[in-house]
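Before any comments, here is the structure.
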């Protein structure tokens, strides 16, 4: 029987656009039609999310372009003014396209004026949610794939495939906290210190940003503490949930005319849904902001975090099918765990000067301490300290009668580390020192950018470039002593264009290069005679993207009166992609010669009717190895080891789903000035993903249904927030994390089963 669904969808698109053209306010109705297409398309692809055809994937983009095309023609004929579209900024629940962000460009700019996809999430968008891990907060971001291994403290963040194969920490995505790198100089990141009870907003810039940040081929995420409050307050927060979840703490802020102080303390405990999976954390976060002159500010930023997490390890397919929540027996026998202590002190000074205050200078200095105890086959103790400096100068002036923004900056980070190796005796440190390593890592980076107005109020050209040098210097102090070093450096440019179709709708495109050096753990050699792998090369990418984004409001319309949307196509050609492999239970890394990544990102937030919002995010990823052959090592159940040369060319890149769909319907209702209620139902559909380069094993697809209810009540200066939710309502058994290229086929780690949470926050505003 002939499949008529695509034709039904196309007809719906045609009729929706025709309806929009015939209505009085065409500009809003076209975008409303596009939103309707989103919903119709979603209904179509949800049951078939794992077999989306090419025509269907392009429908939303094509319909949007057609609508905008008709809008432009009609606007020329009817002389529509810019006042037709306006932004209702007092609506805090919307993701605003006119939000001012700094992430990505390094200078304050509206999202609509940035020539690549950028999203800002404010606290109000996730205040009722669980907020334990990043997937509780960031699942609605198109192009992002999140795998939470053991809560927030071993999470994998992947943007356009970068970071998808990291077996420890976050790679390929630059992580910032208050615009200071949480990422280490080699690009490795752990985010134990990020407390979502303290976060006021999150800025996500997707795509190649290596021309502005070190090791950022996938993008940058900036978590920003909530320092921009208007009056003094205190909040006591409590959260309880399944599997022994307990999170308690206090947040307080003091605001005067000249300064603000925010401090947060959180205590987090979790038994875990798997065997040998407990964790406990304490986090202190403090920000002080002073305005000692009209044009200058000084910030002091401090955090301290300590905790322990037990690791259950990965399972074979047979073990997963028998009991997905059991632990690898070796994890129990070795008492696999991580004991961490982290601290950071930062000072930032910002000033504007010049007759028109068109010059800006910012200087940030910071120091970090990091202490880790980690058990695996051995017992490791790692001490890392860091000193960093960030400086930025910006000038805004006229060039040839057009606006020109010039920025020059530098990032310097020095991190010495000492690693001690001991025998692991049942999770306890043995007496014998196996190895003693002293390592120094240097990262020196310099960048510049220039944003020039090509067509007045319409078209802008952004040129950026960055030079990075990353140096690894390692000395083994055990007898006989040995030294080794690796040095990586590159200059990566990028060109981007932004064309504004209307005041609030823009087309953008960019082409650039990225450079991603190996991390310290990736440089470890399987050859005991070597300290660093001499053959591992940095990953280099040529990236292209084109897209459209916008925001529109029609306060006179009952339906679709607020719409935010984005659509992006990207094409990446990667040389020497860094790929993990396993030998004798230890993970090492090698290069795949060529990788091709193509994909589409679609996102929208639509106010369907008053108080009812629909959120949509869909990512299609077609990632394949272009040229890649390597030695395959496998260990069977008897312990026998086999080795053979394999050609993986043409295979699908593992650990990335082909289809990633998120939808949410939320209702925010105000009963009175002092009582606000909230309800949200969200859906995630993830197609199966390969777990190895050979494409011999694949996870099952899965679908998750989550719900949240909340009420926010104010009595004078007293505020009480109640919320609760159920995650994985269908109790789906699924693989939540993949251990890529395991030689023992231990690929699988279960995602969270059905669970609930309850939140009670009590606040007082002075």
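A short reminder: the numbers here are calculations on the coordinates, not readings from a lab. Source: prediction; values computed, not measured. FYI the Cβ positions are ideal-geometry reconstructions off the backbone, even for glycines, and counts take in every protein chain you see.
Counting 0.36 nm for each residue step from residue 697 to residue 473 and taking away their Cα separation leaves a gain of 76.8 nm. Maximal additional length on extending the residue 525-residue 333 stretch stands at 66.5 nm, based on 0.36 nm per residue less the C-alpha distance. Each label point was placed 7 Å from the Cα along the Cα-to-Cβ direction; for residue 760 and residue 110 their separation is 4.5 nm.
Model label points for residue 341 and residue 675, set 7 angstrom from Cα along the Cα-to-Cβ axis, are 5.0 nm apart. Peptides 545-551, 159-165 ordered by packing proxy, namely the average of other Cβ atoms within 10 Å per residue, highest first: 159-165, 545-551. A Förster radius of 30 Å, combined with the Cβ-Cβ distance separating residue 291 from residue 446, puts the computed FRET efficiency at roughly 0.50.
Using a simple spin-label model with pseudo-atoms 7 Å out from Cα toward Cβ, residue 399 and residue 365 lie 3.2 nm apart. A helix-only calculation puts the chain at -3000 deg cm²/dmol for mean residue ellipticity at 222 nm, using -39500 (n - 2.57) for each DSSP H run of at least four residues, averaged over all residues. Rounded to the nearest whole angstrom, the semi-axes of the ellipsoid equivalent to the chain, taken from the Cα gyration tensor as √(5λ), stand at 40, 31, 29, largest first. Relative to the dominant Cα principal axis of the chain, helix 26-45 is inclined by about 40°.
Potential lengthening of the chain between residue 436 and residue 733 amounts to 102.6 nm, from the contour at 0.36 nm per residue minus the alpha-carbon distance. Nearest 10 degrees, 0 to 90: what angle lies between the long axis of helix 5-22 and the longest principal axis of the chain (Cα atoms)? In the chain, helix 5-22 runs at an angle near 40 degrees to the longest axis. Within the range 108-138, list the residues whose amide N lies under 13 Å from a label point set 7 Å along Cα→Cβ of residue 100. What the label zone holds, given the 13 Å backbone N cut-off, is 108-111.
Measuring r between the beta carbons of residue 583 and residue 622 and using R0 = 41 Å, the FRET efficiency lands at 0.85.
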